[in-house]
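Peer 1: Before anything else, here's the structure in question.
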Amino acid sequence: MRLKTPGEIDAMAVAGQAAAKTLHAMKAAAAAGTTTMALEMIAREELARHGARPALLDYHPRFSRVPYRFATCISVNDEVIHGQPSETTVIREGDVIGLDLVADVDGWLADTAITIVVGAASVKVQRLLTVTQEAMWQGVRKAVSGARMGDVSNAVQRIVERNGFGVIRELSGHGVGSEVHEEGIDVPNFGRAGKGLPLQVGMTFCIEPMVTAGSPGIKHRPGDPWAVVTRDGSIGAHFEHTVAVTSEGPRVLTALPS
């Protein structure tokens with residue numbers, strides 16, 4: 001784990017703004033009849049326009065046997081995370097789409113994700129997205145110096161489970177900064193308040209609830225080394241921000257100015 005200086009956090013925020021603006025452009029372009037590969041190409045163009053490099057492109061983490069070949073992860077319906085863009089995946093009305101990317105500006109990275117619905121959403125799907133996003137924000141509010149990682153994790157878990165949804169326990173947030181996954185920080189989406197890693201000024205990490213509308217069980221689809229899908233076929237949702245612990249409280253590096 002490496003604590004960041006205020007200047008390094010500012011540099012990560014530049015990458016965070018590039019990532020956030022790129023997600024905004026992808027969301028605006030997501031429509032029935034569009035392929036997920038078309039959204040991938042928009043992301044590549046937008047990142048370049050903002051002076052950023054796609055950190056996921058050709059990324060080879062230790063937990064995978066193969067490199068990732070795209071700038072984004074685009075996960076559809078029962079895919080919770082790490083769906084690969086494809087020319088043959090055509091978005092349909094009512095699809096639930098997770099958009100996830102990491103921007104790199106001058107070696108400093110920021111990671112962010114949103115989940116959207118194309119067209120009209122059922123009451124349950126809209127509630128799933130609302131609860132997952134609010135769980136992320138509840139976690140962000142707990143990311144203060146002197147707290148524990150369990151405070152963040154418990155805040156996420158409580159709101160998700162209180163609303164009857166499933167918290168995926170095998171997947172967690174992570175440290176980020178000069179690498180996509182920095183060693184020394186894990187951000188589980190469940191846990192006990194007051195327990196876990198003490199939070200210090202200069203820590204930078206991703207808070208990213210991954211939630212299902214049904215059972216929290218997950219699996220890999222046969223033949224796909226990346227996509228994580230729900231075991232019961234239920235819809236998944238994923239929201240993510242990169243957060244820095246500062247002396248003035250949590251600083252969200254991937255949020256667009258309001």
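Since every read-out is calculated from the coordinates, none of them should be taken as a lab result. In this text the structure is predicted, and so the values were computed from the model without any measurement. Methodologically, a virtual Cβ is constructed for each residue, glycine included, from the backbone with ideal geometry; neighbour enumeration extends over all protein chains shown.
Peer 1: Over the chain, consider all pairs of different Cα atoms and compute the Kirkwood hydrodynamic radius from their mean reciprocal separation; express it in Å, one decimal.
Peer 2: Result for the chain, one decimal place: 18.0 Å.
Peer 1: Between residue 187 and residues 5 or more places away or on another chain, which pairs have amide H atoms under 5 Å apart, with H built 1.01 Å from N, and which residues are they?
Peer 2: 173, 174
Peer 1: Rounded to whole Hz and in sequence order, give me ³J(HN,Hα) for region 167-178 from the Karplus expression 6.51 cos²θ - 1.76 cosθ + 1.60, θ = phi - 60°, writing x for Gly and Pro.
Peer 2: With coefficients 6.51, -1.76 and 1.60, one gets 8, 6, 8, 7, 10, 8, x, 7, x, 8, x, 9 Hz.
Peer 1: Something else now. Could you estimate the translational diffusion coefficient of region 49-120 from the Stokes-Einstein equation, with Rh from the Kirkwood formula over C-alpha pairs, at 4 °C and 1.567 mPa s, in whole µm²/s?
Peer 2: For the chosen part, D equals 97 µm²/s.
Peer 1: Sort all Cα-Cα distances of region 1-126 into consecutive 10 angstrom bins from zero, then give the percent of pairs in each bin up to the one containing the longest distance.
Peer 2: 13, 42, 31, 12, 2
Peer 1: Further question on the same structure: Counting only helical runs of four or more DSSP H residues, what would the 222 nm mean residue ellipticity of the chain come to if each run contributes -39,500 (n - 2.57) and the total is spread over all its residues?
Peer 2: -9500 deg cm²/dmol
Peer 1: Okay, moving on. Quick one: the Cα spread of region 91-150 along its three principal axes, in angstroms, biggest first?
Peer 2: Sorted from largest, the Cα extents of region 91-150 read 43, 31, 12 Å.
Peer 1: For residue 27, give me every one of the lysines with a C-alpha distance below 21 angstrom, ignoring sequence neighbours fewer than eight places off in its own chain.
Peer 2: 124
Peer 1: Excluding same-chain residues fewer than 8 positions from residue 195, which lysines have a Cα within less than 30 Å of its Cα?
Peer 2: 4, 142, 219
Peer 1: What is region 127-193 by shape, rounded, prolate or oblate, if you read a ≥ b ≥ c off the alpha carbon gyration tensor as root eigenvalues and call it rounded for a/c under 1.5, prolate for a/b larger than b/c, and oblate otherwise?
Peer 2: Numbers: a/c = 1.91, a/b = 1.53, b/c = 1.25.
It comes out prolate by the Cα gyration axes.
Peer 1: Let me ask you something else. Can you tell me the order of 8-15, 91-98, 195-202, 237-244 when each peptide is scored by its average per-residue count of other Cβ atoms within 10 angstrom, highest first?
Peer 2: Per-residue Cβ counts within 10 Å, averaged per peptide and sorted highest first, yield 237-244, 8-15, 91-98, 195-202.
Peer 1: What number do you get for region 92-220 when its Cα radius of gyration is normalised by 2.2 N^0.38 Å, N = residues?
Peer 2: Computed over Cα atoms of region 92-220, the ratio equals 1.09.
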